[in-house]
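The values are calculated or read from the model by the stated rules, or taken from the named source; none is laboratory data. Being a predicted model, the structure only gives us computed values, none of them experimental. All Cβ positions, even for glycine, are placed from backbone atoms using ideal geometry, and neighbour counts span all protein chains on display.
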Amino acid sequence: MTKRLAKSGRRGTVRVFVDANTIVSGLLFEGNEALLLDLGLAHLCELVTSEYVLEEVKRTLANTEFSLTMDEQAFLVSYLYRCVRVYPSPSPVEVKRRVRILEDQRDIPILTSYEMLGCDFLVTGDKEMLRKVKGAKRTKEVLKILLGTSL
């Protein structure tokens, strides 16, 4: 168990906040993101996100580039709920407290939720968050930690 996990006060279950791009990739394509969702489904880690991220996922799934029917979109969102626990979005007051941390203001609610939910990791591909947020990692890095192997 890493020092960060030991400090979290939870034993055995790693809490991972997942962003919208990670979720969409995991729902639509095979690969590391799909494997991460599978681990959440199997309760081998606790995947969490916020309603703010869920709304972005829904907008992305509705995008015409994916050509998904309403039924397919609904199925994917229901599957998401089986893999990932969705928490309420942070309050505007909490978001405002972190407004200067990141340049991309659309990512502030994600950072806020990640911190408020006491997650061990934030899985993202966002370059700014990977540079500036302690615990932000790419999917592959988190899978290596969770599975204890090299991918």
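Laid out as a table, the results:
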quantity	calculated
Residue that is modelled with the lowest pLDDT, among those in the range 96-109 that are closer than 26 Å to Asn32 by Cβ and in a loop (DSSP other than H, G, I, E, B)	Asp104
Residue in the range 10-43 that is nearest to Leu122 (Cα to Cα), counting only those that are of a type in the set (S, T, N, Q) and surrounded by fewer than 22 Cβ atoms within 10 Å (Cβ to Cβ)	Asn21
From the options Ser89, Ser113, Ser78, residue that is among the polar types (S, T, N, Q) and under 19 Å from Leu27 (Cα atoms)	Ser78
Qualifying residues in the range 110-135 (those that are in a loop (DSSP other than H, G, I, E, B) and not small (Gly, Ala, Ser)) - the one farthest from Glu55 (Cα to Cα)	Lys134
Candidate set from the range 73-95 (those that are part of a loop (DSSP other than H, G, I, E, B) and in contact with a Pro (Cβ under 7 Å, 6 or more places away or on another chain)); member that is nearest to Asp19 (Cα to Cα)	Ser89
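This table checks each residue for (1) of a type in the set (Gly, Ala, Ser); (2) touching a helix residue (DSSP H, G or I) at 6+ places or on another chain (Cβ under 9 Å); (3) over 16 Å from Val14 (Cα atoms).
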site: Asp104; (1), (2), (3): no, yes, yes
site: Gly118; (1), (2), (3): yes, no, no
site: Leu122; (1), (2), (3): no, yes, no
site: Met129; (1), (2), (3): no, yes, yes
site: Lys137; (1), (2), (3): no, yes, no
